[in-house]
């Protein structure tokens, strides 16, 4: 293959990955709701319901509260754009990517935080009590969760000697025994807790509630309507998919293509979908058995995952 | 042909190192979870897990050294730490009716952070020890020391009598793991002596807990501050 053919293939891989993630994210959200509904003995609205909701909301006018500024309008777009960027650069299908230089662990964490902060600022911008309360809670959780993502990543990158995500995945692929090493197991536990906290799932936040005392994420986006709400909903489904995908590929990297040729890419896409769906279904099933924790116990959970992250880092330095 | 055993280790090197690291990682994980959980029943279950892991560690070293004595030690550890001691603890739990550690002296988030510091301390103090004879087993020594420190921390900061017994057992698990890792297995007679001591201590503490509950109605050790007639 010539150099330009590789580039074309890699570009096709990135496009396929974006289409897969954006098209699949609402389906994943729908699937998780459906799993939950079935386990609770309800019929459920079907896997396609989030897409139907999005289509309906996109056709409606975006109403903005009086006195809100451009921050309120910009926040959903910043959130969606930053999440789409992560979805494009992360090594979900192939480790060969024209955007390889951007696919850095620190860049991805910074992008995640950018979206969180944009939404929190928008929550403050509306000037309502709920918006401010939700923003303050969200930032508290984020401030405790982000160091843990970094630590879990450190544990993986200490072995490879690089914080590039594609290099991390390739390092795991070349040494399959590492999947069961204490460092990556501890890091996986830490990462799982962070995914739960970052995407606002139980026991940190209940995605299905609008009860004023308990909501975190929903409190911030309470004032959004129509198109803006559709963007926020799509972005939060994307965040969930991206984080689950990162977890799946960093800790169980089997099936990720190391070239940009079509056949391995197809296999990688199917395996990626299977892994993310399995993780999502497991998370939803786990949620059925959990009750939401008091807000004041959330730091306990995150301190625990921080400790796991730290142990993972020290294990990757000392044990291996 | 040569019929002697032990020319070639029965377990291949990579499998041995992987399993050893995995067992040590799980030991540390169980110790941290003991620090995290409040339900005493869950803590006792975690102690069972640790007992099984310690027995697996002894069996692994036995397979490595080709020594049948270590298999006997493994069986002894399994019987004592995964069956007998948890059974005694469960009995105390059932008699006292206390479900959870309500007020540890240090709250859970802070004790988890303290756990992180203790683990780093364990790594720091065991570096000269590891440097004496670097091998996969001695490199896992910090984990055993960390379990010991975590046990000591639980012993110091918890109030309920049962939690303190748990801390004591955690510390002993750490000591056992240290012995296994540092010496590639301990002689059966030493392990037997330690195990009997341990069993005796736990039985004495069980009696003490029962007496305390009869006297005060609960097992908060702070009640024992004053001398009475």
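Once R0 is set to 45 Å, what does the formula 1/(1 + (r/R0)^6) return for the Cβ-Cβ distance between residue B:220 and residue A:8, expressed as a FRET efficiency to the nearest 0.05?
Values: r = 72 Å, r/R0 = 1.60.
About 0.05, to the nearest 0.05.
The mean count of C-beta atoms from other chains within 10 Å of the C-beta of residues in B:117-125, rounded to a whole number, is 2.
Our compactness index for the stretch A:3-318, the C-alpha radius of gyration over the empirical 2.2 N^0.38 Å, is 0.98. Against chain A, whose longest principal axis is taken from its Cα atoms, helix A:49-58 shows a tilt of about 60°. When the inverse distances between all different Cα atoms of the stretch B:13-215 are averaged and flipped, the Kirkwood radius reads 17.2 angstrom. Computed from label points 7 Å out along Cα-Cβ, the spacing between residue B:127 and residue B:190 is 2.7 nm.
If you plug the beta carbon distance of residue A:56 and residue A:114 into 1/(1 + (r/R0)^6) with R0 = 30 Å, you get a FRET efficiency near 0.60. All distinct Cα pairs of the stretch B:47-93 go into the 1/r average, and the inverse of that average, the Kirkwood radius, is 10.7 Å.
Angle of helix A:262-288 to the longest C-alpha principal axis of chain A, folded into 0 to 90 degrees and rounded to 10: 50°. Largest first, the extents of the alpha carbon coordinates of the stretch B:51-150 on the three principal axes equal 46, 33, 12 Å.
Would you mind getting the Kirkwood hydrodynamic radius of the stretch A:1-85 from its Cα pairs, rounded to one decimal in Å? Please report the intermediate quantities before stating the final value.
Numbers: mean 1/r = 0.0615 Å⁻¹.
Across the stretch A:1-85, the inverse of the average 1/r is 16.3 Å.
Above 31 angstrom, tally the Cα pairs of the protein assembly as shown and express them as a % of all pairs, no decimals. Result: 55 percent of Cα pairs exceed 31 Å. Distance between the modelled labels on residue A:64 and residue B:204, one decimal in nanometres: 7.5 nm (7 Å Cα→Cβ projection). Extents of the stretch A:150-265, taken as max minus min of Cα coordinates on every principal axis and listed largest first, are 48, 35, 19 Å.
So what's the stretch A:88-157 giving for Rg/Rh, alpha carbon basis, Kirkwood Rh from the mean inverse pair distance? Spell out each step's value before the answer.
Numbers: Rg = 15.4 Å, Rh = 13.8 Å.
We get a ratio of 1.11 for the stretch A:88-157.
Partner shielding of B:138-147 amounts to 2, given as the average count of beta-carbon atoms from other chains within 10 Å of each residue beta-carbon.
Read-outs: derived from the displayed coordinates by stated rules, not from any lab. Nothing here was measured: the structure is a model prediction, and the numbers come from that model. In this analysis, Cβ positions are derived from the backbone assuming ideal geometry, glycine residues included, and neighbour counts consider all displayed protein chains.
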